[in-house]
1. On the basis of being at pLDDT below 90 and within 16 Å of the ligand (Cβ to nearest atom), does residue 48 make the cut?
2. Filter the stretch 8-26 down to the residues that are in a loop (DSSP other than H, G, I, E, B) and either more than 8 Å from the ligand (Cβ to nearest atom) or out of contact with any strand residue (DSSP E or B) (no Cβ under 9 Å at 6 or more places or on another chain) (or both), then identify the one that is farthest from residue 61 (Cα to Cα).
3. Any residue in the stretch 27-39 that is more than 8 Å from the ligand (Cβ to nearest atom) sitting within a Cβ distance under 7 Å of a residue that is modelled with pLDDT of 90 or more and in a loop (DSSP other than H, G, I, E, B)? List the pairs, counting only those 6 or more apart or interchain.
Ligand SMILES: [Zn+2]
């Protein structure tokens, strides 16, 4: 029998791209890298005539090369490994989808404690506002750190680009329970996106700021001062949510002394 190369139909190709969201299963499984990649569809059993969707996986160009050319048992990526990482990726994506639908994502968000790497500005003459930035591996959350601000924000593509071009990795990393903070804020405040700024001047956390990033992206900001008041900076038709001391207490409790530890790290780096 000769192996016939069967071209993957356009339909199954599209299905696979959607299923994987163009995330490479090996980048995800081996490096916790969830970014979109330029890649190709690979055959897991290396049999090009078997284009069953269960036999296919989206891989970045490097990993596709590495998988296809792996001959040595010790270095090669095993089929079982690849299938495991692919399936993990698919279930991650399923939950990821849910995060966008407001209610279903809460359970998942509670579990999400993410690892952040700290970056420092590489050009001393830079006019950027934040000398320090931290981001998680998936690059969907960023933390900005200035003298008296500790802000958790959603990380868009412009932020990723600016981190790449203006900051260098300090080698310091830490964990932040993004999920539980976010889900509590969502439950209580009904916002789609948020910022949390801790004012850490005098080593005291006294303000939490959050912003609405709605579809129009006009980013309106609200402040909670020790849960006393909710002050809209730019208010028009936006509904005001009840100021809630419990939110502040919860966030402070969840993050604990993280912002303060963070500022100590930064002081050391500056010395
Ligand atoms: Zn890859």
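The values are calculated or read from the model by the stated rules, or taken from the named source; none is laboratory data. Everything quoted here is computed from the prediction, not taken from an experiment. Reconstructed Cβ throughout: ideal geometry from the backbone, glycine too, with neighbour counts over all protein chains shown.
1. So residue 48 fails the test.
2. Only one residue fits best here, namely 9.
3. If the second residue must be modelled with pLDDT of 90 or more and in a loop (DSSP other than H, G, I, E, B), the pairs left are 36/22.
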